[in-house]
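The values are calculated or read from the model by the stated rules, or taken from the named source; none is laboratory data. What you see is a predicted model; the values in this text were computed from it and never measured. Note: ideal-geometry Cβ built from the backbone for every residue, glycine included; neighbour counts use all protein chains shown.
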Amino acid sequence: MPKRENISMSVIRRLPRYHRFLSHLREKGVTRISSTELSAKLGLTASQIRQDLNCFGGFGQQGYGYIVDQLCDEIGIILGLQNQYKAILIGAGNLGQAIASHMNFPEDGFRLVGIFDSSPFKIGNRLNGIEILDMERLEPFCEREKPAMAVLCVPREAVSELSDRLYALGVRSFWNFSHYDVAVKHTDVIVENVHLNDSLMTLCYQIHNASQQAEKES
C-alpha cells in the first residue's frame, strides 16, 4: 500500500463522494457494482475510479466489480469516520444553527459535544439537544473535553483572537466558514475552508459560460 502522504488532495476529495454514493446503493440493497457502472453514475471515467481506489490497495476483482458493502466500509475507514472526533461549534447565529441542526456529524466522523456563543439571547438555548454555552466557559470546557476540531461560524474579525484561544487549548483542526485564514498565523493546523461565496460565483460562471456557448451556437 502506498504512503498516505503521497496521495493527492484531489483523490482525497473524491472519496467522500464515493462513500456517499455507495451508502445510497447499500440503502437500496445493491450488493455489487462495476467501475463502469460507478463511472456512469458519478460522471467520472472508470479508469479514474480504479486509479483512485488503487491508491489505498486492491479493491474489487476484474470481471466481478466491487462489493458495495465492503467498499463503502473500507472507504469509511480510510476517511477515518470510525474515530468520531470530538468537535465544538463557535457561533450560534443563522449559519451555526443550520449546521448544528442539520449536519449529521457522526456520519461524517465527528461528535458535536459543545456549542458556544457570546449573545445573552442565545446562551442557555439548545440546538439539537446541546446547550449553547457562554464563550467565557470555552477554556474549562476544552480542558475537560479536549475537542479535536472547531467549527468556526463567526465574523472574520473575530477569528484571529478566537483561533489563538483555541490553539492554546490544543485545538489543531478547523472547519472554517469565516473569510479569515487561520493557517497564516498557525501554520501547523489543519483547516478546511468553506467559502460559500466562492461556490456561488463558480456556479454563476458556469451559467454565464453556458449561456455564451448557447448564443454562439444559435
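Observations, loosely collected:
- Looking across Ser199, Ser178, one residue alone is at pLDDT below 95 and surrounded by 14 or more Cβ atoms within 10 Å (Cβ to Cβ). It is Ser178.
- Members of the stretch 7-24 found to be among the β-branched types (Val, Ile, Thr) and either over 24 Å from Gln82 (Cβ atoms) or in a loop (DSSP other than H, G, I, E, B) (or both), listed by number: Ile7
- Elements of the type helices (runs of 4 or more DSSP H) sitting completely within the stretch 25-107 and holding at least 3 residues that are surrounded by 18 or more Cβ atoms within 10 Å (Cβ to Cβ) and free of Cβ contacts under 8 Å to residues at least 60 places away in the same chain: these cover 46-54, 68-79, 94-102.
- The stretch 135-159, subset assigned to a loop (DSSP other than H, G, I, E, B) and touching a strand residue (DSSP E or B) at 6+ places or on another chain (Cβ under 9 Å), residue nearest to Val189 (Cα to Cα): Ala148
- Among residues of the stretch 176-195 being outside any loop (DSSP other than H, G, I, E, B) and closer than 20 Å to Gly91 by Cα, the one that is nearest to the chain's Cα centre (by Cα) is Glu192.
- Number of residues in the stretch 129-147 that are in contact with a Ser or Thr (Cβ under 9 Å, 6 or more places away or on another chain) and loosely packed, with under 14 Cβ neighbours inside 10 Å equals 1.
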